[in-house]
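Colleague: One structure, as structure tokens, below. Some questions next.
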Amino acid sequence: MTDMKRDVVFKRQIKYTEPASRGVYAQGAKYWVKVTDEIEEPGRGCVHCGTCVEACTHNLTNPASPDGVFSMEEVCYDADGNRVRAEDADKVRLIEKILWINPDECCNCKRCVKMCPQRAIKVYENPDYHDIGVTLTGHEEINNILNRAAGKSSISSAHLGRGKSKLYTDWLIDAAEILSPTRDHMNEYAGQMRSMTLGKRIARFKCDVPIMDVHQSYGSNSHEAVLARMMACVKLGRPFFTGEGYIHPDMMPAASHCILQFGSGGFGPWVELDKFAGISMKYGQDAKKGKGGRLQDKKNDYEIALLRCVEALRHLSSPNPQHLQYSIEELPMRVESLRALLGDKKLIGADVYGTAWNFPEICVAIAKAGFDYITIKAGDGSTGAAHLVDLQNRGLNIIYLTHKADLALRSEGLREQISIIAEGGVMDSFGAMLTMLAGADFVGLGMRTLHVLGCTLCQRCHTGQCAWGITSRKYGHRIDPATASDGIVRMIKSFHEDMEGMAAGLGMSNHADVIGARRFRYHGNDPLLFETFGRGETPKQVAHVDVRERTKKIFKSREVSYAENTEKFEKILQNIDGENLKIDVGFDQIESMQLNHLMKEAADRGVKKFYLDNVMGQRTIGTGIKCDEITVRGLVGNHSFAFARDVKINVIPNHSTITTVPANAQVGVANTSNPSEINIAGDVSDLFAAYAISGTFRVAKSGGVRNLLLMKAGLPDEWKKTDADKYVGADKNVILNELVRRYQKRKARRVKTTWGDFLKAFEQKLHNRKPPVAVYGLGHEKGMGDYFMEYAQGGIGVVLNVVNRENPIGYYVCSGMTAGAAYIRGNIAEEQLGVGVRKIDYLTMADTEFLKEQIDAFLDTFSGVDIDPEYNDSLKAFKARYEAEPNSVFGGFCKVIPISSLTTESNE
Amino acid sequence: MIEDKEYSASRNLSVNDFSGGALGLPKGACGLLAVAGDFKLSALLKAARCLQYRGRTGAGVTLKSLYRDTNFFNFHIMFRSADKIAELEQVLITMGLRILEKKDMVQRKYYYEYDLPVIMHYSIIPPSPEEMMFREKIRDESMYIKRVVARFNRMYIDDARIFSSSKYNGTFLTAFELQDTIDIYDLHQYEDRFYDACLIHLRWPTSQGRGLWWGPQPISLGEVAGVHNGHLSSDMANARALEQLEIMLTVGTDSEAIFLSVEYLLRSGYSLEEIEWIICRKFPQEVKLMAQEKQEQYAKLMDDPLLFRMKMSGPATAITLVDDVLVGFTDRDHLRSFSVGVNDKIALLGSEQRAVISAAYFMHEELKMFDPEAGRIVGFTVKNKAVSKLDYGWKKND
């Protein structure tokens, strides 16, 4: 072998691939790659080691290709110059190694440049792409037009990057000189921004640094990127914001450091919530203006589906607003519901976009609704994926918005009731300091954190091809979470030190002195900023504060509720009979949160079964109550049974007074829940069982609009057996060690196999889950509302139509549904169907079996309940017909299913 | 900007200002409850308490037919301060109105307890028909009153507001909670008086503009009063449609545009179904499934550029009282809930089932309850406490 090798000659070549197309649409990439050889740069030329081939992951034209910009070709020749196969080693005398470069795929991520041991790779702006047009209509506009004309996606990511940040120049932070001397933060008690709390009411999170991370979802970030950021947060002593992709079960030891985000997709199992530090409601973001996003099927892999509790490999939508999520009406109800769920000591936050219109009022509304903190998402923020037009339509400047929020909250006497986190365009410690001087309690840095992991803003987050492994799950192992988290910690500490120095330079002692101190001046030419920050002194106080208002807005804590009603509560609690308690609500005698607190008190004393009598629309019934069974006689109010878990609930009508109180349920009942079963012997209003993850839901009559919105695909066992309990109150080093240990186990599995096979292990974990099922009987009063099962992601809905309505359902049926099915009995015109679904007019045996099981259980549940005479008769007739001629009932059903999302056109 | 000084003596107001503007109201989701028929006010007020959690910076009540025994118009006016009263009374007089009598509506003690404008009741006589014709080319006294009240409210928006200007109905507003409104106006004094409909509104607390309470509802102008929750994304389109019909907003909110649109459509002789089509609109798929004749009728209405701009987009439940007619509806997307309960004596309309059933419970009434389908109109007439449900094809001019 040694002799043979001596005879082989190596020849190296660098070649560029032919352009894929010619003509005006052959735009090429924005960047060109050049690799220098030994002749051009002696000692630094390419040695054909192949590192760049492994480093580059970018290939938009052919995403399935194993190669990106670089590929290596080896051609073997024998002594006569004939091509031979590499396997015929004894004949090989010449090996030609060709490094092929496909410059049209380069995005300037610089992974190859930084990994090349020879520094032989250079990336330049492609003049063919950039040197076109005129100043007014330059390369950006022309290429945008060509992309659209060619039918290419208008999605980009990270940031539009047009122009400099408004924080870049023209601001001057004051310095104390003679009037109030500057201080020394190195050797004295000065400038210290430590021991702060996020949240100013009962719920608080102690923070050691004023700089937060921002919400970025698991899925948009790789497992490793999330873990690195999470570990950095634990190390730094600040909360970790999860984004709306929930967290991985492996990360549950750090739950007490995590604030879950509830976006319009409501993704996640929503269990073990008492282990988390709080919940943030996502009402909008700078990048997509509250539109929500769409996770493509190819990114919704088995592991993501496990976290989000959806069907894998289907598009996922985080859809538009409705009155459970986003609506102003919902704000106080949502806080009330989350407070019932989490108790008084967990944080509830609101993330809002820095809109141009009514921003101060939005902040005030949020504070009045009882949120603990507000996160302002200002212009210049970045995102994982957004349409160019959204990136272009940025929010307002962070300093301006912070100032507006601060002023508005002060005027309402609410500023010291709520914390402000401001983020979106904070570039460094200077920007962070400005933001805090403008009134923020904390600032958020998102993109800066990703630079530590390698991000060079190549704007390819949305492609899943990030070569640094930040936004590409497949390449996540390129990040070592423990090491990367140390880098983040060092960066934040460096900024923190800068800020403490600046605060000391202002003569300030601590965090409290800094917030809203306004010791800066804008001297640039932006008219809005100059008008706001460029003229004269800032008044120290607002003109008018209405302090009286503030105590009226906030819901009473359980402690206060009990203290104010001890006698009343104790009198009721005396009726505890073993594990049972009957509570006479007396129509209007016990208010919603009082009732919730009373039930919690009873549950703490061992009550497992509740009978609530004479209920008249009280809200949040059952939310946050750990028990086995709840029976309600009367009308169930908004947001009741939200987040319920493993509980059986029956709602029955109350005929005990002249006025019948029907067993109806108002808006948002049973949202985001995992009950064993919920039976409503009446009708339900809008958004019933929206975001439900698992369980059985039966409604004797009809539902309002958007019932079963985003219904999920069931609760995987993985979420039923987390050991999060073990880490409650644990030292942060114990948590960090456990995170590392679990990651090492994961990495050991990952490196042994391909990414595809690695994910298949998670497919197994989805097998045993049971999708949620909701069955509606329909009433005489109305049919099912519009948008039934909109965006559903795995659940099953059944409309029995026991009253034989000619038009059983409204419009946009199952619109945007990506998984699951609806069985509807009665006529449905094609026009009534939503987008992306189709109707099948016949049932399989399996369908019939399933329906039989559901109908039997439905009749068992409601046949014995006196609902109202007209309905009772209809149900009786339906039952008789079903028992006599079951096929005549089954024959009336159609099935609505999604057109496979895999065949739909990608929006990318 | 509206440059016409006639409509803005104190400051120029753009349509944007009228629709909210930088300091305007974010028109949130409020609690609504309305009743028509034979009922007890106290029971209704008690039931409305359950909506209080929704809104705490505004509570208003309109009582229909409260002043039916008077033969003059009853203005409820709030003045920013007492020193504006004489000046603005003079303005009313220059508009041809005669002040027959005036009295305080609020006991002195409440001015010490609350941050209140001066609130007065005026008995107003309109000019003679000849003078009305001379001044405004209007012969109908109700129309005349509406015209001058609208003008007054727009011109003196910073200093005063006529928040009730009906011949028969009385509207009572505060920027506080319902109990405050009840106390400040001593609403229980009307318990045994005649009334045959009532609108109650509890306002969501997001306003910075406490000035002259332009946020609280019912918004009332002449014989129109209405309550609404939600905020319309179509507020500009709706305001422009009315503007081009020379129907001017006086409070400036999107809510007001709905009520004035309903009034315009009812008085123009459109049927309830047509009003539903115009304001709530239909999904295009629904139109396809309509009978040919209906499709043509629908298309004809949509062809009218003004009616086309009256579509209500965005979250809304709205209840409007026009003369003896009470109508309610939601936006087509049903981004707000709406419940109705009826029996032979009463019709109850509310933004929550709880409020409707509570009212029935306190009134000792059994109801037939239903939530109208998304974007469907319901209408009732009430005369002398007798209530009847209106058919879909009913027209006011029938």
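Colleague: Zone of A:Ile897 (label point 7 Å along Cα→Cβ, backbone N under 18 Å): which residues in the stretch A:820-835?
Modeller: Residues passing the 18 Å test: A:820-825, A:833-835.
Colleague: Mark the label point 7 Å from the Cα of A:Lys206 along Cα→Cβ and return the residues of the stretch A:238-257 whose backbone N is within less than 12 Å of it.
Modeller: Under cut-off, by backbone N: A:238.
Colleague: Take the Cβ-Cβ distance between B:Met143 and A:Lys164 as r, set R0 to 56 Å, and report the resulting FRET efficiency rounded to the nearest 0.05.
Modeller: So, using R0 = 56 Å, E works out to roughly 0.40.
Colleague: Once each part is reduced to its C-alpha centroid, what is the distance from the stretch B:298-334 to the stretch A:170-232 in angstrom?
Modeller: So the two Cα centres are separated by 51 Å.
Colleague: Give me the accessible area buried between chains B and A, both sides summed, with a 1.4 Å probe, in Å² rounded to the nearest 100.
Modeller: Adding both sides of the contact gives about 4600 Å².
Colleague: FRET efficiency for A:Asn320 and A:Asn827, Cβ-Cβ distance as r, R0 = 30 Å, nearest 0.05?
Modeller: Efficiency at R0 = 30 Å is approximately 0.60.
Colleague: What shape does the stretch A:717-763 have by the C-alpha gyration tensor, where a ≥ b ≥ c are the square roots of the eigenvalues, rounded means a/c under 1.5, and otherwise prolate means a/b greater than b/c and oblate the rest?
Modeller: It is oblate, given that a/c is not under 1.5 and a/b is not larger than b/c.
Colleague: Taking a virtual spin label 7 Å from the Cα of A:Gln13 along the C-beta vector, which residues in the stretch A:93-118 bring their backbone nitrogen under 11 Å of it?
Modeller: Only A:96-100 pass the distance filter.
Colleague: Then there's this: Using alpha carbons only, how many angstrom separate the centre of the stretch B:42-98 from the centre of the stretch A:738-816?
Modeller: Each part reduced to its Cα centre gives a spacing of 53 Å.
Colleague: Can you give the extra length, in nm with one decimal, that the chain gains between A:Gln589 and A:Thr483 once fully stretched, where that is 0.36 nm per residue apart less the Cα-Cα distance?
Modeller: 32.3 nm
Colleague: Give me the percent relative contact order of the stretch B:5-389, please, defined on Cα pairs under 8 angstrom at least 6 residues apart.
Modeller: Reported as a whole number, the value is 25 percent.
Colleague: What's the center-to-center distance, using Cα atoms, between the stretch B:364-398 and the stretch A:469-516 in Å?
Modeller: 63 Å
Colleague: Also, quick follow-up: Report, by chain and number, residues whose modeled amide H sits under 5 Å from the one on A:Thr383, excluding near sequence neighbours (fewer than 5 apart, same chain).
Modeller: Residues meeting the criterion, in which the H sits 1.01 Å from N, are A:Ala158, A:His159.
Colleague: Moving on. Under a point spin-label approximation (7 Å from Cα along Cα-to-Cβ), what is the A:Glu883-A:Leu528 distance to one decimal in nm?
Modeller: Between A:Glu883 and A:Leu528, the label points sit 6.9 nm apart.
Colleague: From the square roots a ≥ b ≥ c of the eigenvalues of the alpha-carbon gyration tensor of the stretch A:796-855, which class results: rounded (a/c under 1.5), prolate (a/b over b/c), or oblate?
Modeller: In terms of gyration-tensor shape, oblate.
Colleague: Calculate for chain A the 222 nm mean residue ellipticity that helices alone would give, adding -39,500 (n - 2.57) per DSSP H run of length 4 or more and normalising by residue count, nearest 500 deg cm²/dmol.
Modeller: Value at 222 nm, helices only, nearest 500: -8000 deg cm²/dmol.
Colleague: May I pose another question? Could you tell me the relative contact order of the stretch A:2-152? Use alpha-carbon pairs under 8 Å, at least six residues apart, and round to a whole percent.
Modeller: In percent, rounded to a whole number, it is 33.
Colleague: Let me ask something else. Please give the length that would be gained between A:Ile173 and A:Thr566 if that part of the chain were fully extended, namely 0.36 nm times their separation in residues minus their C-alpha to C-alpha distance (nm, one decimal).
Modeller: Length gained between A:Ile173 and A:Thr566: 136.1 nm.
Colleague: Around A:Gly714, what is the net charge, scoring Lys/Arg as +1 and Asp/Glu as -1 over all other residues with Cβ under 13 Å from its Cβ?
Modeller: Around A:Gly714, the surrounding residues sum to +3.
Colleague: What does the charge count near A:Ile824 come to, summing +1 for each Lys or Arg and -1 for each Asp or Glu among other residues with Cβ under 9 Å from its Cβ?
Modeller: +3
Colleague: Size of the dipole of the stretch A:776-908 about the Cα centre, Lys and Arg at +1 and Asp and Glu at -1 on the beta carbon, nothing else charged, in debye to 20?
Modeller: Once rounded to the nearest 20, the dipole reads 180 debye.
Colleague: Now, a different point. In the protein assembly as shown, what percent of the accessible surface is made up of carbon and sulfur (1.4 Å probe, ligands and nucleic acids excluded)?
Modeller: 50 percent
Colleague: Turning to a different aspect of this structure: For B:363-375, what's the mean count of beta carbons from other chains sitting within 10 Å of each residue's beta carbon?
Modeller: Per residue, the average neighbour count from other chains is 6.
Colleague: Continuing with this model, one more query. Please report the net charge: other residues with Cβ closer than 13 Å to the Cβ of A:Gly794, K and R +1, D and E -1.
Modeller: Local charge sum for A:Gly794: +4.
Colleague: I need the shape label for chain A. Rule: rounded when a/c is under 1.5, else prolate if a/b > b/c, else oblate, with a, b, c from the alpha carbon gyration tensor.
Modeller: Oblate is the answer for chain A, as a/c is 1.5 or above yet b/c matches or exceeds a/b.
Colleague: Which distance in nm do the two modelled labels at B:Lys389 and B:Phe194 give, with both placed 7 Å along the Cα-to-Cβ direction?
Modeller: Between B:Lys389 and B:Phe194, the simple spin-label model gives 2.8 nm.
Colleague: Right, here's the next one. Multiply the residue gap between A:Asp860 and A:Asp344 by 0.36 nm, knock off their C-alpha separation, and tell me the result in nm, one decimal place.
Modeller: 181.8 nm
Colleague: Given charges of +1 on the Cβ of Lys and Arg and -1 on the Cβ of Asp and Glu, with all other atoms neutral, how large is the dipole of the protein assembly as shown about its Cα centre, in debye to the nearest 20?
Modeller: Around 2040 debye, computed over the protein assembly as shown.
Colleague: Can you give the accessible area per residue of chain A, in Å², using a 1.4 Å probe?
Modeller: 39 Å²
Colleague: Sticking with this structure for a sec: Going by amide H atoms built from the backbone, whose H comes under 5 Å of the H on B:Lys167, apart from near neighbours?
Modeller: Here B:Asn74 satisfy the definition.
Colleague: How much accessible area per residue does chain B have, in Å², with a 1.4 Å probe?
Modeller: So chain B comes to 35 Å² accessible per residue, rounded to a whole number.
Colleague: For labels at A:Ile145 and B:Arg267 in the simple 7 Å Cα→Cβ model, what's the distance in nm?
Modeller: Taking the simple label geometry, A:Ile145 and B:Arg267 are separated by 5.2 nm.
The values are calculated or read from the model by the stated rules, or taken from the named source; none is laboratory data. These figures come from a predicted structure and were not determined experimentally. All Cβ positions, even for glycine, are placed from backbone atoms using ideal geometry, and neighbour counts span all protein chains on display. For accessibility, only protein heavy atoms count, side chains too; no ligands or nucleic acids. Shrake-Rupley method; radii C 1.70, N 1.55, O 1.52, S 1.80 Å.
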